[in-house]
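Accompanying notes for the structure given below.
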Amino acid sequence: MKYRRTSHYCVALTLVAVHGSVYAQGSEEERDSAIEEIVVKGELLDAAASAFSTASFDTDSIRKLEVPQLQDMLDYVSGLSIRRFGLAGVADAITIRGFGGGGHGGDLGVVLDGVPLNEAMSHADGYVDLNVIVPLEVRNLTVFKGPVSALYGNFNRAGLLKIDTRASGSYRQLDVSAGSDGIFDVQGALGTAVGENQQINAAIQHAQGDGFRPQSENDRLTLAGTWRASFETGTELALSGRWHTAESDNASYLPEELYLTDPYGIDPGVQNDGAEKDFGTLRIDLNQNIGEDSRLLTFAYRTVQDFSRWFSRPRGDQWAQREETYDRDVIGVGSSLNTRTTLAGVAVNLVAGVEAFRETTHFEFYDNLDNRVRVEPAINDRETELSSASGFLELQAEVHPLFQPSLGLRYDRFSGECELQGPETGTEPCEELNDLDNLAPKLGFRSAITDELVLRASFSEGFSLPNGWVKYQSQAANLDPVTYRQYEIGLAWQPLPGLLLDIAAFQLDSDGEVRTAAPAEFENFGETERRGIEASMDWTPIDTLTICLVYNQTDAEVVRNDNPALVGNDVSGVADSSGTVRAVWSFLPGWQIDTDWRFVGEFPLNGANTFYSERYDLLNLGLAYSGSESWRAYLQVNNVTDEVFAPSQFVIGGPVYGTGAPRQFRVGVQFNL
């Protein structure tokens, strides 16, 4: 089977299971050269050859989609959708596998060059801000669906974004764009050799805008760089750093009556809301070749972050502003062996390692502010510590084309404490964390029936710690981590040259969700069942036209709950269906037209299912011209029909709406210098 990838391809694929059958047959010379590219743990494991559903984007595909934020790529993955809050400086929510709190909560893990980005106690357990990453610096973005990766533990229950930055190559790239509502975005990336054994890779992004609603200005700057040196002994040393700063104003949400009459306005009760963030990280890597096909990777890093958010929301007949401030300090170390070997005549790719992290967060929470001025005592002023020690093992083997197993095992142990930092009016206990541990297996296999048809099946477990302050109180000492079990079957099929199809069906069950059985008494009790079908298509009927489609149908239902009235209800914030159709047509030499149609189905706004969102559809158009390999110009028109819609909706007293962007224009130029 051969798959021709042309310059006008569209991206959106989870069809890597088919592609993997080709990759697995690469020459021995290709495999030997690939080992030199291993720079983070797990790089040896080919996502395309695993038994689990994944989607992957490389630098070129990310750049061709002209995204100002890396999360924009997720609209081109089956089963994922972004609930954009419209609040600059605040992470949006990502829906995946029947969970609605990825990114803004702890449903979706994110790792950058092998290091977790999720924040243990920041805004919500597992909160993660993808704006600290420059899209142009990314070498590869891989989406793992469900708790399938043994290389990463906490916040990995619904899936994982594995982001690897560019660590080699010679390039000088600049992308500049501007558009409606004061949008301006500039990204730059540099890769260059320094002498015979050193490499520098760097990236920068500055983005700003006025927003499409009042009081919505935003400004952010990200700098990232890596110096790498290799030695004749097979040793590699790397030093890397990252700095991100952002400041934004926010117009909060709109009550229903105002949304229906002035969807781009602001409620008079909203004060001077906004967010401020400073984020910095330093890292050292020491890698050592062990023979021809093995490498020992060791890292240590430290991250510091200050994040504050001011948020007005309706409370009864009045609006009240609150402040949340999180000062984080994270230290992590880890080491892993990445090897390609032969066991009993079977080719095996294997990764095994250990790692430890300690994260402290000083949290301050105030309410009833007067335009960011604190007028009442702190509700919370406390510092938490979460420490973890983990061991993991994952391997891929090709016993036979009909039986190619993927096996994984991960163990995590957590400890920590909570201490008051000053007087507060909060009533949640703040004590030593109850030691918790978890052992999670990951099992699956893929079967290449023919070169054109590959089947896969898998079982995997994930976990989550008791949420929020519950885990920091002695009354919860009896609690275990919540367990998530996923069952999946799928196939990847190329029925015709130029046509690739992928279909997967999954069931992801949670067991042992925490409930309050009595005052100061907790137990593992709740259960939720999530089922779905995800499909992808990539079709090139003629050389100049490519059509891609991603679609999912999801049913997330409460099976057991402390409140019997909620049993059988749908999980709030999870759309019943979503999808994207993208067509790319190269109609003249150098010229390209692309169009996206995106829809998101309705979803319940609350656990009682008394309020529902409305389905919405968006149409985007683009035109691009490549004058040569050195430059490319483009025009984007988003929301062509100027539809009024609200991708995020909640119940705060009554329904409130986060309005989506109206019709917007953006023009840009990409340079290869």
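What to note about this one:
- Residue ID - nearest to Ser81 (Cα to Cα), chosen from residues in the stretch 530-575 that are charged (D, E, K, R) and part of a strand (DSSP E or B): Glu534
- Residues in the stretch 204-221 that are surrounded by 17 or more Cβ atoms within 10 Å (Cβ to Cβ) and either among the β-branched types (Val, Ile, Thr) or in a strand (DSSP E or B) (or both): Ile204, Gln205, Ala207, Gln208, Gly209, Asn218, Arg220.
- One residue from Leu239, Leu161, Leu174, Leu258 being closer than 29 Å to Gln636 by Cα and surrounded by fewer than 19 Cβ atoms within 10 Å (Cβ to Cβ): Leu174
- Checking each residue in the stretch 84-99 for being within 21 Å of Ala246 (Cα to Cα) and in contact (Cβ under 8 Å) with a residue 60 or more places away in the chain picks out Arg84, Phe85, Gly86, Leu87, Ala88, Gly89, Val90, Asp92, Ala93.
- Restricting the stretch 319-369 to residues that are basic (Lys, Arg) and within 24 Å of the chain's Cα centre (by Cα), the residue that is farthest from Gln288 (Cα to Cα): Arg328
- Contact map, the stretch 208-230: residues that are among the hydroxyl-bearing types (Ser, Thr, Tyr) paired with residues that are assigned to a loop (DSSP other than H, G, I, E, B) and open to solvent by 30 Å² or more (accessible area, probe 1.4 Å), Cβ distance under 6 Å, separation 6+ or inter-chain. Pairs shown: Ser230/Asn197.
- Filter pass, Phe650 being under 26 Å from the mean Cα position of the chain (by Cα), of a type in the set (Phe, Trp, Tyr) and not in a strand (DSSP E or B): no
- If the condition is being touching a residue at least 40 places away in the same chain (Cβ under 8 Å) and more than 21 Å from Met121 (Cβ to Cβ), then the stretch 347-362 contributes Ala347, Val348, Asn349, Leu350, Val351, Ala352, Gly353.
- Condition check for Ala124: surrounded by fewer than 24 Cβ atoms within 10 Å (Cβ to Cβ), without any contact (Cβ under 8 Å) to a residue 60 or more places away in the chain, over 19 Å from His244 (Cα atoms) and among the hydrophobic types (A, V, I, L, M, F, W, C): yes
The rows are residues; the columns are (1) open to solvent by less than 30 Å² (accessible area, probe 1.4 Å); (2) assigned to a strand (DSSP E or B); (3) basic (Lys, Arg); (4) farther than 22 Å from Arg220 by Cα.
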| site | (1), (2), (3), (4) |
| --- | --- |
| Val304 | no, yes, no, no |
| Gln321 | yes, yes, no, yes |
| Thr325 | yes, yes, no, no |
| Arg328 | yes, yes, yes, no |
| Ile331 | no, yes, no, yes |
| Arg340 | no, yes, yes, yes |
| Thr361 | yes, yes, no, yes |
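- Test: Val194 is modelled with pLDDT under 95 and of a type in the set (Val, Ile, Thr): yes
- Only one entry of Phe365, Phe299, Phe311, Phe392 meets the criterion of being open to solvent by 30 Å² or more (accessible area, probe 1.4 Å), in contact (Cβ under 8 Å) with a residue 24 or more places away in the chain and part of a strand (DSSP E or B), and that entry is Phe365.
Results for (1) within 30 Å of Gly622 (Cα to Cα); (2) not in a strand (DSSP E or B), shown as yes or no for each residue.
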| position | (1), (2) |
| --- | --- |
| Gly169 | yes, yes |
| Leu174 | yes, no |
| Phe184 | yes, no |
| Gln187 | yes, no |
| Thr192 | no, no |
| Ala202 | yes, no |
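- Top-ranked residue in the stretch 571-595 [being free of Cβ contacts under 8 Å to residues at least 60 places away in the same chain and in contact with a Gly (Cβ under 9 Å, 6 or more places away or on another chain); ranked as nearest to Glu529 (Cα to Cα)]: Asp576
- Being more than 20 Å from Gly211 (Cβ to Cβ) and open to solvent by less than 20 Å² (accessible area, probe 1.4 Å) is a property that does not hold for Ile82.
- Within the stretch 104-121, being closer than 27 Å to Gln670 by Cβ and either free of Cβ contacts under 8 Å to residues at least 12 places away in the same chain or not in a strand (DSSP E or B) (or both) holds for Asp113, Leu117.
- Look at the stretch 429-449: where a residue is closer than 16 Å to Phe522 by Cβ and open to solvent by less than 40 Å² (accessible area, probe 1.4 Å) and a partner is part of a strand (DSSP E or B) and of a type in the set (Phe, Trp, Tyr), sitting 6+ places away or on another chain with Cβ atoms under 6 Å, you get Leu436/Phe414.
- Looking at Leu545, Leu566, Leu549, just one residue is in contact (Cβ under 8 Å) with a residue 12 or more places away in the chain, open to solvent by 20 Å² or more (accessible area, probe 1.4 Å) and under 27 Å from the mean Cα position of the chain (by Cα), and that residue is Leu549.
- Qualifying residue in the stretch 89-99 (condition: β-branched (Val, Ile, Thr) and outside any strand (DSSP E or B)): yes
- Condition met for Arg485 (modelled with pLDDT of 90 or more, of a type in the set (Lys, Arg) and surrounded by fewer than 22 Cβ atoms within 10 Å (Cβ to Cβ)): yes
- Every condition in (1) under 20 Å from Gly98 (Cβ atoms); (2) open to solvent by 70 Å² or more (accessible area, probe 1.4 Å); (3) in contact with a helix residue (DSSP H, G or I) (Cβ under 8 Å, 6 or more places away or on another chain) holds for Ala608 except the one numbered (2).
- Positions within the stretch 497-526 being surrounded by fewer than 20 Cβ atoms within 10 Å (Cβ to Cβ) and at pLDDT 95 or above, in sequence order: Leu499, Leu501, Ile503, Ala505, Gln507, Asp509
- Strands (runs of 3 or more DSSP E) fully within the stretch 398-499 that include at least 2 residues being of a type in the set (Asp, Glu): 404-420.
- Taking (1) surrounded by 20 or more Cβ atoms within 10 Å (Cβ to Cβ); (2) in contact (Cβ under 8 Å) with a residue 40 or more places away in the chain; (3) in contact with a Phe, Trp or Tyr (Cβ under 9 Å, 6 or more places away or on another chain) in turn, Val651 satisfies each apart from (1).
- Among residues that are touching a Ser or Thr at 6+ places or on another chain (Cβ under 9 Å) and either assigned to a strand (DSSP E or B) or closer than 19 Å to Asp107 by Cβ (or both), Ser578 is included.
- Restricting the stretch 222-236 to residues that are charged (D, E, K, R) and surrounded by 16 or more Cβ atoms within 10 Å (Cβ to Cβ) leaves a set whose member that is farthest from Asp185 (Cα to Cα) is Glu236.
The values are calculated or read from the model by the stated rules, or taken from the named source; none is laboratory data. Being a predicted model, the structure only gives us computed values, none of them experimental. All Cβ positions, glycine included, derive from the backbone under ideal geometry; neighbour counts span all protein chains shown. SASA here: full protein model, heavy atoms, side chains in, ligands and nucleic acids out. Shrake-Rupley method; radii C 1.70, N 1.55, O 1.52, S 1.80 Å.
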